[in-house]
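The values are calculated or read from the model by the stated rules, or taken from the named source; none is laboratory data. Please read these numbers as outputs of a predicted model, since none were measured by experiment. Positions of Cβ are generated from backbone atoms using ideal geometry, with glycine treated the same way; all protein chains shown enter the neighbour counts. With ligands, DNA and RNA removed, areas are computed over all heavy atoms of the protein, side chains included. Shrake-Rupley method; radii C 1.70, N 1.55, O 1.52, S 1.80 Å.
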Amino acid sequence: MIDLRSDTQTKPSAAMRQAMASADVGDEQEREDPTVLELERRGAELLGQEEAVYLPTATMGNQIALAILGERGTELVVEETAHIMVHELGGAAMHSGLQTRGLPGHRGRLSIEQLRATMRADGTFHTPRTSVLAVENPHNTHGGTIYPLEELRSLVAAAREFGVRAHLDGARLMNAAVASGVPAAEFGRLFDTVTLCLSKGLGCPMGALIGGSRELMHRARFEKHRFGGALRQAGIVAAAGIYALDHNVERLADDHARARRLAEGWSAAGLPIDLELVETNFVQIDVAALGLSQREALDRTAQRGVRLSRTMKAGVLRAVTHLDVTDDDVERALELVPQALDARVHA
């Protein structure tokens, strides 16, 4: 079976497992685990921030960021299909008392005009003040599309005019950095806080980082404990993160090249694919245009030996390349998926 559902399907390599097995460990909650401390040091530098905190998941990181940046009874502004909006179970409201305002984005991006028309300052008893702007880069639902650096810089600057703090959901930030040639730190330092997931394209079995100022990360450690995220001898899994930063960042370009190969090959075979959206390791297929439901299309491709996944877009499936997908897998999928979906009939 060729598993293209998500880059969360990666398995730790033998070399990564060896690094984990030989990790130097201590009590992470007491900040006595040398491997965790080294990962946090490197993570802060990577993200362009003063300090970083190691966490079990990036969703926890996003929720901690909202808790330390926002204020209860105020508003979070975010693109309407961003992960924080649609995949975190209303955490902003439940954990931080934030009302969430989702705005429609173009390729996952918001405009300065949208922001200025939406953000609210103090001065009324009827509408909540905006306290946080959250941005996802690259954007999952829109197909792994990248937010250009200068556009981000202008957007965050506009938010600052309103006294609004800014968070970057950078779960796949290294994909954006590798694809754009812009260092992750250049994206990260624009924001008050930034998260990075280690268990997607970087290939770790678990783990994430949140970065920010020393003051904010001091507060983040309290929230980490409050969320139940304090760990013990976590160097065993943090070692996977260090290995990933050493070995699995530059190779993300291979995933991007394989996604491009899939996109162009499937498009040539008659599958409805917007090639302009293929900027990182995502390929989206509009199966509704083939007269198929998501469920029917998923069943057909699985029967042929290729697993795809749903998206938040009606009638659209996705394929995601990752370090466990080989060139041979790509060549086989190029044949199997169009056959499964009867692409030539609709071309």
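Put simply, the amide H of residue 280, placed in the peptide plane, has no neighbours under 5 Å, leaving out anything fewer than 5 places away on its chain. Remark: region 219-230, residue by residue, has Karplus-estimated 3J(HN,Hα) of 5, 4, 5, 5, 5, 4, 5, 5, 7, x, x, 5 Hz, where x stands for each Gly or Pro and the curve is 6.51 cos²θ - 1.76 cosθ + 1.60 at θ = phi - 60°.
Rolling a 1.4 angstrom probe over the protein heavy atoms with all chains in place gives the chain an accessible area of 42 Å² per residue. With R₀ fixed at 35 Å, the C-beta to C-beta distance from residue 18 to residue 232 puts the FRET efficiency at about 0.95.
Checking every one of the trypsin sites (Lys or Arg not before Pro) in region 185-280 against DSSP loop status and a limit of 15 other Cβ atoms within 10 Å picks out 189, 232, 251. Put simply, the amide H of residue 32, placed in the peptide plane, has neighbours under 5 Å in 27, leaving out anything fewer than 5 places away on its chain. For residue 129, the residues 5 or more places off, or on other chains, whose built amide H falls under 5 Å of its own are 75. Applied to region 285-290, the Karplus parametrisation 6.51 cos²θ - 1.76 cosθ + 1.60 on θ = phi - 60° returns per-residue 3J(HN,Hα) values of 10, 8, 6, 4, 5, 8 Hz, with x for Gly and Pro. Coordinate range of the alpha-carbon atoms in the chain per principal axis, descending: 58, 55, 33 Å. A helix-only calculation puts the chain at -12500 deg cm²/dmol for mean residue ellipticity at 222 nm, using -39500 (n - 2.57) for each DSSP H run of at least four residues, averaged over all residues.
Between the C-alpha center of region 207-259 and that of region 139-190 there is a gap of 18 Å.
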